[in-house]
Structures are given as C-alpha cells and as structure tokens.
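Trainee: First, the structure itself, so that you have it in front of you.
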Amino acid sequence: MTAVAATPSTRPTAAPAAGERTIPAAPTASGASRATAVDTSIVGADVHVPLVTGERVTYANFDYAASAPCLSAVREVLDASLPYYASVHRGAGFHSQVSTDAYEQARRSVARFAGARHNDAVVFVRGTTDALNLLARSVPKDCTVVVFAAEHHASLLPWQHRGSRAGQVIRLPLPRSADAAVEAAREALRSSPEGPRLLCVTGASNVTGEIWPIERLTAVAHSAGARIVVDAAQLIPHREVSLSATGADYVAFSGHKLYAPFGAGVLAGRTDWLQAATPYLAGGGATGNVTEDDVRWNDLPARHEAGSPNVLGAVTLAAACDTLAAAGQDALHAREQALLDRLRTGLAAIPGVRDLALWDADHPRVGIVSFVIDGLSSDLVAAALSAEHGIGVRDGLFCAHLLTRHLLPEGHEQAVRASLGLGTTEEHVDRLIGAVAGLAAHGPRWEYRDDNGRVAPLPDPRPAR
C-alpha cells in the first residue's frame, strides 16, 4: 500500500446538499488533516506476469499515459456504489434516488478538483476526445480556432469536422520554445478574423511530457478577446489544474488517465456557448418537453448528457479526484519527479538511446519519456521489454503523429514511450534502465516475428495469465 500524508488543498470545498442520500466516498481534501495518510495504492500493483524464460516477475507498468490503473480507493467506492446502482434523475425508487444524489455529488467533486468557478458548467462525457468534440460542436458557427500542430489528435482534429459553416482553423507550427509558443499564439490571434475565437492547447504533451505555459497562453487569448480550452488529459493526473486559478475558459480530461475506470470524462467551463448549442446528442435526458411539432431542450448540464448517464463512471472519476486532492498533488509530484529524474538520467547514460523533446532538457515535464534505440525498431523494443522483463511500455506515434514524426531521429519511424504514475517504484525504473541498456548493447535475447501487425516472441511459451 502506498500512503501519502495529506497536504492542504487550494481547491474550494463543497458539502453534500441537504437531505442528500450518500454512499461511502473516497477521502476528500476538506476531510483530511495534514497528518492523515491517504491510500494512493493502485489495484494490481502486486500482479506477477510470465516471461518467455519461464519466470514470473512483478509487472512494471510504464503505460500510465495511455490508461492509469484504478486506485484502490476508487475500487472501494465502486464496490459501495454497486448495490445502489440505478438510472438517475428519472426514478422514484430508493436506488434511483441514491444513484442520482451520488451522480450529482460526483459533479460537485469534479468541479472542485478542476477549480471550476461557481457559474461554470461541468458536463460528464466519455473522455477527453468526447469533451473536445462536444466543444467543437458548441462553438459559434463562425468561430476561428487556433491550434498547435503539437496537439494530441483528440484536440487537433475535432475543429475541422464542424461542417460547412464552420470558421477558420489556424494550425500553428511546432514552436521552438515555450516563449515561442506564446508569441505564435499572440500573433495568430492578433491577425485572425474578427468574431469569436478559441485557442486550443495541451496542458502537457503525451509524447514528451513537456508542460505548456497555460497561464501565459490564457492571458494572451484573453487580451485578444479570445477564449482558451486546455486539453488536461496528461496534466491533471500529475499537477493541480484550476480553471479559476489559470483563468482558462474550458478544461477537458478523462477518468481513465486519472486512476478511474474507462468511459467517463469531463468538459468544464463557461456556459454560454454550451447553452446556446444544439444538444451534442438528441435523446432522453436532454429534453425538457417533446410535442408533435417541437422539442424544448433542457438547460445545462443535462442538455449535453442525453441517454442514461454513466453513473458509475462519474462516481469513480469523482472518487479519484477526491483521493488525489486529499493526498495533495504537490507531494505526489515531488515523488514522481524524483523517479522521472532517475529514469532520464539512467537512459541518458546508455549509448545509442535518444529521448524525444520539443524544448530544452530542463523544461518542466510530467512523468513521460519517449525514446528510441539506434538499430532497433520501437515495436521490437516494446515486445522484448514485455516478454523478457515484464515491463509494459507503449510504442508507436501516440495519437500525436505530427509531433512525434517531427521529433524522431532519422532512421526511426516510431518511438517507445515510458510513462510513470502512482504505482511506479525505483525498482521498476532501475529494471527499465537495465533492460534498455541490455537491448542497446546486445539486442533481444529471444526470437521475434510479425504477428498480424504486432511483434511477438517466437515461440511464445507464456500462458494467458
């Protein structure tokens, strides 16, 4: 079990509504003292995986940037919620009322975690991609969108699929520094057409881990009369993100990056564009009244939550938010930074290993390192790390093709990404460094082949579990 002493949070607190029926919840920042130890252990931390050699080792997960494992505290909340699981907002039965109260309490927890202002909307969606597509469908028809080529596809692509009446999309080239990013955004907004404008920017790169200057970009956007949306999928699991503190207009993030199960995410921010937009999905829950001739749509947030909401997704996402807030993200960041420094230092000492970076080596990062090994393909490296060492990494272009291809050294078509999280240990880091050093020096110890587009051991004696 990993326990972190809670530290005071700057996030506002909110009490349950009067008469609210509650289920057991994760610890909250308001209920934890400085001396309280908050359980930040993850489910599956002690799982052993088979190697091609016949051994079993504790799994070393370095794929947090794709999906983080579930927090133990989140599983406890899920288990407590399941006996009361029911559809929300429409049932008179006790279970439905309990689930409705839990769903709306989850909205308040998420709002608190994201530093939402009192008049901001918090809309539950399926994930960051869904959130940014919702916003893309909600911006005014003539809205000009400014976006960097460094973005993940979730925040790069939705803007160009808004239909024939959509405003211009200005795609900015990869900036050579954080300062250059700010100046490029300033110039693009200054010279863009009159009317509504939106700057879309990542909080932290899912390829390099580099943190973007959100506060400065927000100031630039607002000085030009524009708005800004932050794709915080990679930033918010590692650093505190606050709409009120940064002044950002919108923030989007996913539960499955934040130690909660798949299928839940959030778009939070200003209400006017969202309220004026046609509902993202048409269906029950989004409707206030339907007649033969007309439909009256609900106000926010129900307006964009048509269908039966993912109650358990919202509740577990909120439990993850409450747990991280109670643990204190500053303390969690300090631990992660030490592991990240250890990993980067170790990889830098291996001949033939090169990490990917857009900016200088000292620029602040979250726990993500992408690298290549000269003479070895990334899919072979990833397969060997898994089969021979019990290490899980990601290989490819990471749904950020423009950025990754720009950063790749000549002779490499893809990269390997190692990403850290709450379950990462020094032993995991040292094992990865040692395995990469062995691969760089001697190559894999096993034979590998192409298996329907993926590199796999030949033969592969490992059982399924």
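Values quoted throughout were computed directly from the atomic coordinates according to the rules given, and no laboratory measurement underlies them. This is a predicted model, so every value here is computed, not measured. FYI the Cβ positions are ideal-geometry reconstructions off the backbone, even for glycines, and counts take in every protein chain you see.
Trainee: Quote the relative contact order of the chain in percent (integer), defining contacts as alpha-carbon pairs under 8 Å separated by 6+ residues.
Mentor: Contact order relative to length: 22 percent.
Trainee: In addition: In what sequence do 317, 347 fall when counting other Cβ within 10 Å, fewest first?
Mentor: If I rank by nearby Cβ atoms, fewest first, I get 347, 317.
Trainee: List 117, 296 from most exposed to least, where exposure is judged by having the fewest other Cβ atoms within 10 Å.
Mentor: Ranked by crowding around the Cβ, least crowded first: 296, 117.
Trainee: Next question. Where in region 360-465 are there GluC sites (Glu not before Pro) that are in a DSSP coil and have at most 15 other Cβ atoms within 10 angstrom of their Cβ?
Mentor: Sites meeting the loop and neighbour criteria: 410, 413, 447.
Trainee: Label region 279-383 by shape, choosing from rounded, prolate and oblate, from the square roots a ≥ b ≥ c of the eigenvalues of the Cα gyration tensor; if a/c is under 1.5 it is rounded, and otherwise prolate applies when a/b is larger than b/c, oblate when it is not.
Mentor: It is prolate, given that a/c is not under 1.5 and a/b is the larger ratio.
Trainee: Using a Förster distance of 35 Å, how high is the FRET efficiency between residue 48 and residue 341, based on the Cβ-Cβ distance and rounded to 0.05?
Mentor: Step by step, r from the Cβ atoms, then E = 0.80.
Trainee: Sticking with this structure for a sec: With the Cα gyration tensor of region 83-326 giving a ≥ b ≥ c as the square roots of its eigenvalues, does the rule (a/c under 1.5 for rounded; else a/b larger than b/c for prolate; else oblate) give rounded, prolate or oblate?
Mentor: The shape class here is oblate.
Trainee: Here is a follow-up. With the Cα gyration tensor of the chain in hand, give its eigenvalues times 5 under a square root as the equivalent ellipsoid semi-axes, listed largest first in whole angstrom.
Mentor: Calculated on Cα positions only, the semi-axes equal 37, 29, 21 Å.
Trainee: Return the inverse of the average 1/r over all pairs of distinct C-alpha atoms in region 329-413, which is the Kirkwood hydrodynamic radius, in Å to one decimal.
Mentor: Here the Kirkwood hydrodynamic radius works out to 14.2 Å.
Trainee: So, one more: What is the sum of charges around residue 183, taking Lys and Arg as +1, Asp and Glu as -1, for the other residues whose C-beta is under 14 Å from the C-beta of residue 183?
Mentor: On the way: positive: 176, 186, 190, 216; negative: 179, 187.
Once all neighbours under 14 Å are counted, the net charge is +2.
Trainee: So for region 195-267, averaging the separation of alpha carbon pairs under 8 Å that are six or more residues apart and normalising by length, what relative contact order in percent results?
Mentor: 27
Trainee: Also, I was wondering about something else. Sort 218, 345 so that the residue with the fewest other Cβ atoms within 10 Å of its own Cβ comes first and the one with the most comes last.
Mentor: Fewest to most other Cβ atoms nearby, the residues stand as 345, 218.
Trainee: What helices does the chain hold that run 18 Å or longer along their axis, going by alpha-carbon atoms, with a Kyte-Doolittle average of -0.5 or more, using DSSP H for the helix calls? Before the final figure, lay out the partial values.
Mentor: Details: long enough: 94-113 (28 Å, -0.78); 178-191 (20 Å, -0.11); 311-327 (24 Å, 1.74); 329-348 (27 Å, -0.46); 426-442 (24 Å, 0.32).
Correct list, ordered by number: 178-191, 311-327, 329-348, 426-442.
Trainee: What residues of region 345-388 lie in the reach of a label at residue 445, counting those whose backbone N is under 15 Å from a point 7 Å from the Cα along Cα→Cβ?
Mentor: Under cut-off, by backbone N: 384-388.
Trainee: Quick one: work out the % antiparallel among DSSP beta bridges in the chain, nearest 5.
Mentor: 65
Trainee: In square nanometres and to one decimal, what's the mean projected area of the convex hull around the Cα atoms of region 32-167?
Mentor: 14.9
Trainee: In addition: Got the relative contact order for region 83-326 handy, in percent, Cα pairs under 8 Å and 6 or more residues apart? Walk me through the intermediate numbers first.
Mentor: Details: 485 pairs, mean separation 61.8, N = 244.
25 percent.
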